[in-house]
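Below is one structure, written out as structure tokens; the observations come after it.
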Amino acid sequence: MVVFFSVGNMNKLGMFPMRLITGLIAHGRGRCSWPLRNLSGVTVSQIDEEVAKLLELKAQLGGDDCKHTFVLKTAKGTRDYNPRQMAIREKVFNIIINCFKRHGAETIDTPVFELKETLTGKYGEDSKLIYDLKDQGGELLSLRYDLTVPFARYLAMNKITNIKRYHIAKVYRRDNPAMTRGRYREFYQCDFDIAGQYDAMIPDAECLKIVYEILSDLQLGDFCIKVNDRRILDGMFAVCGVPDEKFRTICSTVDKLDKMPWEDVKNEMVNEKGLAPEVADQIGEYVSKRGRMELVEELLQDPKMSQSKQACAGLADMKQLFCYLELFKVTKVLFDLSLARGLDYYTGVIYEATLASTVPAQQQNDSAGEEGVSVGSVAGGGRYDGLVGMFDPKGRKVPCVGVSIGIERIFSIMEQKAEAEKVRTTETQVLVASAQKNLLEERLKLTAELWEAGVKAEVMYKRNPKLLNQLQYCEETGIPLVAIIGEQELKGGVVKLRTVTSREEVDVSRAELVGEIKKRSNS
């Protein structure tokens, strides 16, 4: 018997020496390993009395027989995916990957955890959300927070200066999860990045084109792509009177405008970040502005903004960006001065795509108006020209721009849309069936022939399944064709090919079966 004692439990037992307690337990179990006369005058009756107390306490504590109640569940902020959900995810992944490949990207992979110092200092106030791991063999490690910082480390470590890559993998954030809104602690990111020294805004425009194509192909409903530039933001902060050392922290606060009203954001700037109220009011005037090319022209003529070289450089690039987007036939783009994106590594253009139940009024015309109800960001990214240089021993910079698709939020929306639809969870083209008994060997032979020819085929794992059960299986799982063999078909060298939905049957020669199945599957 093993008993664990807390301080409170020791008080219940009285001030007995530990050697005495050990002896009491051993005596009570009839396994005393040393003579009772060593207990300094303690009688057997006293021992029996104290053993009874110990056994009573053991019963209160639960003892060996009390099993710990184990709740079988996934960890907070994570989830399982059933075959139906995985079929939807696979469809989304295919659309995204096809788009990435259409734009000439190659793929890489990086470890799920990095050295802690690799991730430290790259995410601003969000650094507190990084999962740190216990020391394993002398290295302090953390789970990756995103795919961008590991990508920059990969470029610096391998001395790569030009690459167009995509990366789809899981990342981890110690955030407060909101499962219904697609916010998890473990989730996939789908990243597309262009690294290299190129003319301004051409790669940036292609990243926005990719966002536009993916959201259009997924048919999620109305969406808006908001753009801004960190140089414009920093110039705005400077002309409004924000101290240089407060730029990043104020930027993080502005980034909350999509979740909080302006009054709450201003309150955080003034009361928590120590910004003067009149400075916050000036910022408020600018961050309420939204538009397109005409807003760029307006800000270039603005008496304050025009005095900032940094802001003017950003506005000139923004003007060029809208020209390229027009050539790429990218619509639904809105220049939004409230867009900040809180990550510290952005240096130029930033963007974020949001879905809405109604299209924002600014998207329909350039005048101010009431915006639609947003259902959250589904993509975001920007330019980060200095991140690779932070890892390079000589500080050599590799200009980069990229976008990350918020895949989990998209999955949540797609799952809701598909609730009333029948979703196929396999890609099986044909079930090999038999209409009579004792034809298992022939069914297996035909199935093997189809597999070798590249046909996706199944066979039921029973020696003599009923034909009705085989047909019902096809209807339940969505298998479109059934290849039926019987004694008569074997003699004639044919297979009866049945279309499940129409129940039409036709005899096909064994030699032509593969071609007929592929033709029907393609159609």
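For Phe328, work out the one condition from (1) at pLDDT 95 or above; (2) surrounded by fewer than 23 Cβ atoms within 10 Å (Cβ to Cβ); (3) on the phi < 0 side of the Ramachandran plot; (4) out of contact with any Lys or Arg (no Cβ under 7 Å at 6 or more places or on another chain) it doesn't fulfil. Phe328 satisfies all of (1) at pLDDT 95 or above; (2) surrounded by fewer than 23 Cβ atoms within 10 Å (Cβ to Cβ); (3) on the phi < 0 side of the Ramachandran plot; (4) out of contact with any Lys or Arg (no Cβ under 7 Å at 6 or more places or on another chain) except (4). Counting only residues that are of a type in the set (Lys, Arg) and in contact with a Gly (Cβ under 8 Å, 6 or more places away or on another chain), the range 420-441 holds 2 of them. Considering only the range 164-188, state which residues are of a type in the set (A, V, I, L, M, F, W, C) and either at pLDDT below 90 or open to solvent by 20 Å² or more (accessible area, probe 1.4 Å) (or both). Residues satisfying the conditions are Ile168, Ala178, Met179, Phe187. One residue alone among Leu257, Leu220, Leu233 is over 16 Å from Ser288 (Cα atoms) and either hydrophobic (A, V, I, L, M, F, W, C) or without any contact (Cβ under 8 Å) to a residue 12 or more places away in the chain (or both), and that residue is Leu220. Looking across the range 379-394, the residues that are surrounded by 21 or more Cβ atoms within 10 Å (Cβ to Cβ) and either of a type in the set (Phe, Trp, Tyr) or within 14 Å of Gly121 (Cα to Cα) (or both) come down to Tyr384, Leu387, Val388. Taking the criterion of being under 18 Å from Phe247 (Cβ atoms) and touching a residue at least 40 places away in the same chain (Cβ under 8 Å), the residues of the range 267-308 that qualify are Gln282, Ile283, Tyr286, Val287, Lys304, Met305, Gln307, Ser308. Gly395 passes every criterion in (1) under 30 Å from Thr354 (Cβ atoms); (2) among the small types (Gly, Ala, Ser); (3) part of a loop (DSSP other than H, G, I, E, B) apart from (1).
Among the residues of the range 197-217, those that are more than 25 Å from the chain's Cα centre (by Cα) and either part of a loop (DSSP other than H, G, I, E, B) or more than 22 Å from Arg292 (Cα to Cα) (or both) comprise Gln197, Tyr198, Asp199, Ala200, Met201. Taken together, the residues in the range 82-100 that are open to solvent by 50 Å² or more (accessible area, probe 1.4 Å), in contact (Cβ under 8 Å) with a residue 60 or more places away in the chain and more than 17 Å from the chain's Cα centre (by Cα) amount to 2.
When the residues of the range 423-452 are filtered to those that are free of Cβ contacts under 8 Å to residues at least 40 places away in the same chain and within 29 Å of Tyr81 (Cα to Cα), the one that is most open to solvent (accessible area, probe 1.4 Å) is Trp451. Taking helices (runs of 4 or more DSSP H) as the structural unit, those lying wholly within the range 243-323 and holding at least 3 residues that are among the hydrophobic types (A, V, I, L, M, F, W, C) and at pLDDT 90 or above correspond to 277-287, 293-300.
Conditions tested, residue by residue: (1) on the phi > 0 side of the Ramachandran plot; (2) open to solvent by less than 30 Å² (accessible area, probe 1.4 Å).
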{"position": "Glu106", "(1), (2)": "no, no"}
{"position": "Leu115", "(1), (2)": "no, no"}
{"position": "Tyr123", "(1), (2)": "no, yes"}
{"position": "Asp135", "(1), (2)": "no, no"}
{"position": "Gly138", "(1), (2)": "yes, no"}
{"position": "Thr148", "(1), (2)": "no, yes"}
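Determine whether Lys417 is closer than 22 Å to Ala178 by Cα and surrounded by fewer than 19 Cβ atoms within 10 Å (Cβ to Cβ). Against the criterion (closer than 22 Å to Ala178 by Cα and surrounded by fewer than 19 Cβ atoms within 10 Å (Cβ to Cβ)), Lys417 qualifies. Each residue in the range 332-382 was checked for being among the hydrophobic types (A, V, I, L, M, F, W, C), within 26 Å of the chain's Cα centre (by Cα) and at pLDDT 50 or above, and 13 pass.
Being surrounded by 19 or more Cβ atoms within 10 Å (Cβ to Cβ) and not charged (D, E, K, R): is that true of Leu299 here?
Taking the combined requirement at face value, the residue satisfies it.
Can you say whether Ala316 is in contact (Cβ under 8 Å) with a residue 60 or more places away in the chain, hydrophobic (A, V, I, L, M, F, W, C) and either open to solvent by less than 60 Å² (accessible area, probe 1.4 Å) or touching an Asp or Glu at 6+ places or on another chain (Cβ under 7 Å) (or both), as far as the supplied structure shows? So Ala316 fails the test. The set of residues in the range 112-137 that are part of a loop (DSSP other than H, G, I, E, B) and of a type in the set (D, E, K, R) comprises Lys122, Lys134, Asp135. Taking the criterion of being assigned to a helix (DSSP H, G or I), in contact (Cβ under 8 Å) with a residue 24 or more places away in the chain and either touching a helix residue (DSSP H, G or I) at 6+ places or on another chain (Cβ under 8 Å) or surrounded by fewer than 22 Cβ atoms within 10 Å (Cβ to Cβ) (or both), the residues of the range 150-163 that qualify are Pro150, Ala152, Arg153, Tyr154, Leu155, Ala156, Met157.
Here is a yes/no grid of residues against (1) surrounded by 14 or more Cβ atoms within 10 Å (Cβ to Cβ); (2) not polar (S, T, N, Q):
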{"residue": "Gln219", "(1), (2)": "no, no"}
{"residue": "Phe223", "(1), (2)": "yes, yes"}
{"residue": "Arg231", "(1), (2)": "yes, yes"}
{"residue": "Met236", "(1), (2)": "yes, yes"}
{"residue": "Val242", "(1), (2)": "yes, yes"}
{"residue": "Thr249", "(1), (2)": "yes, no"}
{"residue": "Val254", "(1), (2)": "yes, yes"}
{"residue": "Met269", "(1), (2)": "yes, yes"}
{"residue": "Ala276", "(1), (2)": "yes, yes"}
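Take the conditions in contact with a Gly (Cβ under 8 Å, 6 or more places away or on another chain), open to solvent by less than 80 Å² (accessible area, probe 1.4 Å) and not hydrophobic (A, V, I, L, M, F, W, C) and apply them to Ser127. Does it pass? In short, yes. For the range 466-515, a residue qualifies if it is under 17 Å from Glu442 (Cβ atoms), open to solvent by 30 Å² or more (accessible area, probe 1.4 Å) and touching a Ser or Thr at 6+ places or on another chain (Cβ under 8 Å), and the qualifying residues are Leu467, Gly493, Val494.
The values are calculated or read from the model by the stated rules, or taken from the named source; none is laboratory data. Computed from a predicted structure; not experimentally measured. When we count neighbours, we look across all protein chains shown, and the Cβ atoms used for this are built from the backbone with ideal geometry, even at glycine. With ligands, DNA and RNA removed, areas are computed over all heavy atoms of the protein, side chains included. Shrake-Rupley method; radii C 1.70, N 1.55, O 1.52, S 1.80 Å.
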